[in-house]
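> To start, I am sharing the structure in question, which I have written as structure tokens.
The values are calculated or read from the model by the stated rules, or taken from the named source; none is laboratory data. Everything numeric in this text was worked out from a predicted model, so none of it was measured. When we count neighbours, we look across all protein chains shown, and the Cβ atoms used for this are built from the backbone with ideal geometry, even at glycine. Only protein heavy atoms, including side chains, enter the accessible area calculation; ligands, DNA and RNA are left aside. Shrake-Rupley method; radii C 1.70, N 1.55, O 1.52, S 1.80 Å.
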Amino acid sequence: MGAMDTRIKMWRRAALGALMVVAMQAGHAAQGANDIKGARDHPLLTRFVGARINAYSQQDYDEAQMPNQAIEDEDKAQVLALEGKVTRIGYFIDGIKSALEVYRNYEAALKEGGFETLFTCKNDKQCGEGFQPYVLNSGKVRIVGEGDAVIGGNYYALLAKKAVPGGEVYVFMDIMHDDMNQITPVFQQVVETRSMAQGQVKAP
């Protein structure tokens with residue numbers, strides 16, 4: 001093999017390496033590129049690796065319902081009613097990740113982040129037959145139309161809280177597995193309790 005052939009092979013390898021670096025950088029820069037416009041993770045909790053945001057809403061001050069016990073009848077649901085800054089995020093994760101794996105990761109992350117677990121449950125047997133209809137379809141927890149229907153599969157729910165300067169932060173998670181569409185949807189509601197800003201309207 002001549003010196004010229006050797007140099008050509010080295011240049012090709014160098015060029016290929018440079019292209020791989022550029023591709024990796026582009027991949028990192030594109031993280032979240034498939035999220036809906038204006039959506040972002042809550043600053044206190046990152047997303048599960050590979051998740052994309054398919055639903056997002058945030059209000060500076062609103063009321064929120066946080067399920068903290070089993071719900072047999074959604075019309076008679078007893079929940080924790082809170083007021084504060086409310087953030088609702090819907091994620092889609094590839095169905096190769098089970099609801100259990102995603103749930104365990106969130107559970108561990110919240111614990112490591114100093115959150116206290118207030119309530120957990122799995123499927124209708126523990127959560128009650130009215131739990132998922134109340135969370136997903138009543139319009140009292142997840143906004144109606146925020147996300148897509150889920151068909152079949154296990155689901156897990158979690159409610160946790162953490163004391164922060166000026167109030168408390170509550171995180172509610174509903175993690176499902178859609179057996180038909182092979183996705184693992186996650187609904188997250190975060191409430192930061194605090195006083196409402198006054199003086200925004202005047203009556204001179």
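> Using only the Cα atoms of region 162-204, build the gyration tensor, take square roots of its eigenvalues as a ≥ b ≥ c, and label the shape rounded, prolate or oblate: rounded if a/c is under 1.5, else prolate if a/b is larger than b/c, else oblate. Please list the in-between numbers first.
On the way: a/c = 8.82, a/b = 2.30, b/c = 3.83.
Taking the square roots of the gyration eigenvalues as a ≥ b ≥ c, region 162-204 is oblate.
> Same structure again: For the pair Gln59 and Lys202, what calculated FRET efficiency results from E = 1/(1 + (r/R0)^6), where r is the Cβ-Cβ distance and R0 = 22 Å, to the nearest 0.05? It would help to have the intermediate numbers written out before the result.
Details: r = 22 Å, r/R0 = 1.01.
FRET efficiency, Lys202 to Gln59: 0.50.
> In region 101-204, what percent of the accessible surface is made up of carbon and sulfur (1.4 Å probe, ligands and nucleic acids excluded)? Don't skip to the answer; put the middle values down first.
Working: 2660 of 5440 Å².
That share works out to 49 percent.
> Ok, one more. Which entries of Lys140/Lys162; Lys125/Lys162; Lys76/Lys140; Lys125/Lys161 have Cα-Cα distances beyond 19 Å here? Show your work: numbers first, answer last.
Details: Lys140/Lys162 23 Å; Lys125/Lys162 28 Å; Lys76/Lys140 13 Å; Lys125/Lys161 24 Å.
The pairs that break the limit, which is 19 Å between Cα atoms, are Lys140/Lys162; Lys125/Lys162; Lys125/Lys161.
> If you don't mind, another one. Which residues' amide hydrogens lie under 5 Å from the amide hydrogen of Val164, considering only partners 5 or more residues apart or on another chain, with H built in the peptide plane?
Residues meeting the criterion, in which the H sits 1.01 Å from N, are Val169.
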